[in-house]
1. Go over the candidates R43, R9, R59, R3 one by one and state the one that is modelled with pLDDT of 95 or more, farther than 26 Å from L385 by Cα, open to solvent by 90 Å² or more (accessible area, probe 1.4 Å) and not hydrophobic (A, V, I, L, M, F, W, C).
2. Can you name every residue in the stretch 190-203 that is buried (at least 17 other Cβ atoms within 10 Å of the Cβ) and not polar (S, T, N, Q)?
3. Suppose the filter is touching a strand residue (DSSP E or B) at 6+ places or on another chain (Cβ under 8 Å), surrounded by fewer than 22 Cβ atoms within 10 Å (Cβ to Cβ) and of a type in the set (V, I, T); does I52 pass it?
4. When you look at D305, is it over 17 Å from the mean Cα position of the chain (by Cα) and free of Cβ contacts under 8 Å to residues at least 12 places away in the same chain, yes or no?
5. Taking A153, is it under 21 Å from the mean Cα position of the chain (by Cα), under 25 Å from G95 (Cα atoms) and free of Cβ contacts under 8 Å to residues at least 60 places away in the same chain?
6. Tell me, which strands (runs of 3 or more DSSP E) lie completely within the stretch 141-242 with 3 or more residues that are within 30 Å of V311 (Cβ to Cβ)?
7. Under 8 Å by Cβ, and 6 or more places apart or on different chains, what pairs join a residue from the stretch 344-361 that is farther than 17 Å from P35 by Cα and surrounded by 13 or more Cβ atoms within 10 Å (Cβ to Cβ) with one that is among the hydroxyl-bearing types (S, T, Y) and modelled with pLDDT of 95 or more?
8. For the stretch 241-269, name all the residues that are open to solvent by less than 30 Å² (accessible area, probe 1.4 Å) and among the β-branched types (V, I, T).
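The values are calculated or read from the model by the stated rules, or taken from the named source; none is laboratory data. Just so we're clear, the structure is a prediction, and the values are computed from it rather than from any experiment. Cβ placement follows ideal geometry from the backbone for every residue including glycine, while neighbour counts extend to all protein chains displayed. Accessible surface areas use protein heavy atoms only, side chains included; no ligands, DNA or RNA. Shrake-Rupley method; radii C 1.70, N 1.55, O 1.52, S 1.80 Å.
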Amino acid sequence: MARTPRRRRVPFAAALCLLVATGLQTGCRAQETWPLWDAYARRIIDGQGRVIDHTAQDRTTSEGEAYGLFFALVANDRTRFDKLLNWTEQNLADGDLTQRLPAWSWGKRPDGSWGVTDQNPASDADLWMAYALSEAGRLWHTPRYQKLGTALAARIAQQEVAFIPGLGTALLPGTTGFHPDAETWLLNPSYLPPQLLAYFAKMMPTGPWAAILESLEPLLTRGSGSGYAMDWVAAGGSIRPSVTPTQVCSSDTAATPVGSYDAIRVYLWLGTADPQTPVVRQLLPRVLGMANYMKQRLTPPERVDATGRVVNPAGPPGFSAALVPYLRALNMGTQVKEQMERLSESKDTSTGLYGKDAAYYDQNLSLFGTGWVEQRYRFDPNGRLQVKWK
């Protein structure tokens with residue numbers, strides 16, 4: 001008769017960790033690596049916590065620092081989180097994020113020195129930074145982070161929000177430069193992740209956040225071009241697709257509105273948001289141009305104009321990663337598989353990153369998209385972050 005193998009006794013604390021490793025919920029945390037985040041940090045973040053865009057003359061943006069904070073939190077990487085926060089505060093906010101919004105651009109100046117090259121803040125970066133800090137405070141039980149996130153959100157509400165006739169309360173892309181004339185405001189739909197707006201509406205109910213969330217529906221309904229999200233939308237009286245602020249100010253009559261590197265995030269935010277988050281179900285049908293296109297093509301378009309004409313069909317690998325949650329939200333399983341395969345084929349085994357040039361923006365889109373697919377993070381209906389390690 002076969003003998004039953006004798007079970008080795010396991011100490012109680014170790015047993016709890018074994019349960020975590022097998023996917024059961026316990027109070028013991030198992031540190032799980034995130035290979036893409038580690039590869040990103042090695043290649044794109046320096047030892048001080050500066051996120052470096054090597055494809056743009058080694059520039060650093062507040063967007064990169066904000067995304068880095070979010071990914072570090074998802075990875076339970078508090079060491080890098082603190083370095084990112086410290087570098088941002090010291091170099092983009094004059095040493096105090098409670099007193100000023102971070103400058104959006106830092107790099108090499110014309111005189112050869114390194115420092116802030118544009119003091120204007122970027123509200124999407126500010127929003128992601130406030131969110132990452134607030135949720136880090138909750139998940140890591142660190143009130144200092146939460147207070148800093150709340151202070152930053154309050155400053156955004158004070159300095160980057162405006163009431164626009166015909167639209168309502170809106171989040172401006174920055175403090176200056178987006179109101180070219182008395183009747184026109186230039187807005188960027190990709191600066192408005194519905195899950196983050198829902199989060200701040202819940203956390204700060206007396207603020208403008210719920211009204212800003214409501215503004216997203218008309219921005220996409222009337223500001224999209226043939227079912228494609230646009231990079232820029234003009235509002236004030238009417239709402240319509242727009243060229244970039246630079247093109248508006250230069251009166252470039254040859255320029256046309258497009259959806260490209262900014263707009264790709266609209267699909268990403270809608271796909272990663274919980275379906276029960278306010279306005280998400282209403283918004284998905286507003287941007288079905290991209291879904292219909294992907295039913296016939298294997299590669300996302302890099303640029304589409306407001307008439308629906310594809311200007312450049314060759315979107316980079318990060319676009320595939322960004323579209324996966326959106327396609328899954330629309331139950332397009334075949335297209336999800338195709339984009340995941342395309343992304344996988346683009347991986348550079350020598351760096352662990354996607355694409356031959358390991359472009360900064362591609363990696364950010366890939367971290368968002370694949371991190372969501374791997375269930376490393378989720379958002380609940382009110383925008384609170386759910387992480388794999390918690």
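1. Values: R9 fails: modelled with pLDDT of 95 or more; R59 fails: open to solvent by 90 Å² or more (accessible area, probe 1.4 Å); R3 fails: modelled with pLDDT of 95 or more.
So the residue among R43, R9, R59, R3 that is modelled with pLDDT of 95 or more, farther than 26 Å from L385 by Cα, open to solvent by 90 Å² or more (accessible area, probe 1.4 Å) and not hydrophobic (A, V, I, L, M, F, W, C) is R43.
2. Step one: filter the stretch 190-203 for residues buried (at least 17 other Cβ atoms within 10 Å of the Cβ), giving 190-201, 203.
Y191, L192, P193, P194, L196, L197, A198, Y199, F200, A201, M203, listed by residue number.
3. yes
4. On the way: over 17 Å from the mean Cα position of the chain (by Cα): yes; free of Cβ contacts under 8 Å to residues at least 12 places away in the same chain: no.
Spelling it out, it is not the case that D305 is over 17 Å from the mean Cα position of the chain (by Cα) and free of Cβ contacts under 8 Å to residues at least 12 places away in the same chain.
5. Values: under 21 Å from the mean Cα position of the chain (by Cα): yes; under 25 Å from G95 (Cα atoms): yes; free of Cβ contacts under 8 Å to residues at least 60 places away in the same chain: yes.
Yes.
6. Values: elements: 161-164, 168-171, 185-187, 232-235, 240-242.
So the answer is 185-187, 232-235, 240-242.
7. Y361/Y261
8. V243, V258, I264, V266
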